[in-house]
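Here is the structure we will look at, set down as structure tokens.
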């Protein structure tokens with residue numbers, strides 16, 4: 001009995017060691033390159049920064065910069081709320097789209113490898129200049145003054161109409177961020193034994209029942225991982241409004257990729273609050289993103305407990 005317990009503990013310790021070795025490069029990078037800048041940024045957010053011949057001098061100022069961002073700067077809250085709305089609504093679209101495409105790509109058909117490459121291609125060319133050039137030329141789906149769509153939006157409930165309008169306006173942008181998620185879902189689908197589906201078919205279950213009873217339960221943990229990854233990916237994307245691209249070409253709506261990152265970068269050289277206001281805005285953005293992560297985790301816990 002004791003030998004079995006000792007063997008079990010040894011296997012557990014070996015698995016734990018493998019996990020720590022796997023994340024060791026990330027831990028080294030965190031402590032060597034990221035931890036000090038993060039702490040220094042937090043110090044700057046509660047200080048007044050002044051440039052001196054010997055370098056930047058930080059004078060403690062409390063929550064002045066946070067108050068400046070929240071209550072004085074009229075742009076910060078509107079930009080933050082726009083980003084949070086975009087991230088929140090994009091999560092649902094990316095999760096559904098990625099899972100559906102992964103299920104389709106997991107089937108057997110001709111030229112399957114080529115289709116998989118096509119859906120993963122956006123990840124390969126995700127560099128800033130390329131995606132901004134593509135987004136500037138494609139500009140999602142712009143319907144102009146489509147009377148039919150306007151009529152449909154008028155007869156829809158307000159919330160539903162806003163959701164549909166959001167999807168149409170940002171479809172290309174959102175789908176562009178689905179490559180990694182499709183790959184993760186595809187790997188998870190390939191782990192499900194075919195014998196499970198065959199047993200369900202023998203019991204009379206159709207494709208719809210198999211999806212809800214077999215596929216979706218197996219994908220729950222991957223949905224959580226993809227949701228967190230998607231929110232962080234979109235939040236960290238250093239996009240800019242396409243209004244800069246179309247400024248002299250056409251009066252088309254701006255792409256809502258990310259507004260907070262350009263806002264933070266613009267305020268780094270603010271003459272009244274150099275660096276400090278941007279640091280405070282960065283931490284407020286981080287807290288808002290952490291709240292989204294917490295909401296995703298709570299939703300996952302509720303559904304996981306229900307099962």
**OP:** Would you please put 20-32, 276-288 in order of how densely packed they are, using the mean number of other Cβ atoms within 10 angstrom per residue and starting with the highest?
**Re:** 276-288, 20-32
Original post:
So if we plug the beta-carbon distance of residue 220 and residue 270 into 1/(1 + (r/R0)^6) with R0 = 35 Å, what FRET efficiency do we get, rounded to 0.05?
Top reply: 0.20
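Values quoted throughout were computed directly from the atomic coordinates according to the rules given, and no laboratory measurement underlies them. Just so it is clear, the model here is predicted, and its values are computed rather than measured. Every residue, glycine among them, receives a Cβ derived from its backbone with ideal geometry; neighbour counts consider all protein chains shown.
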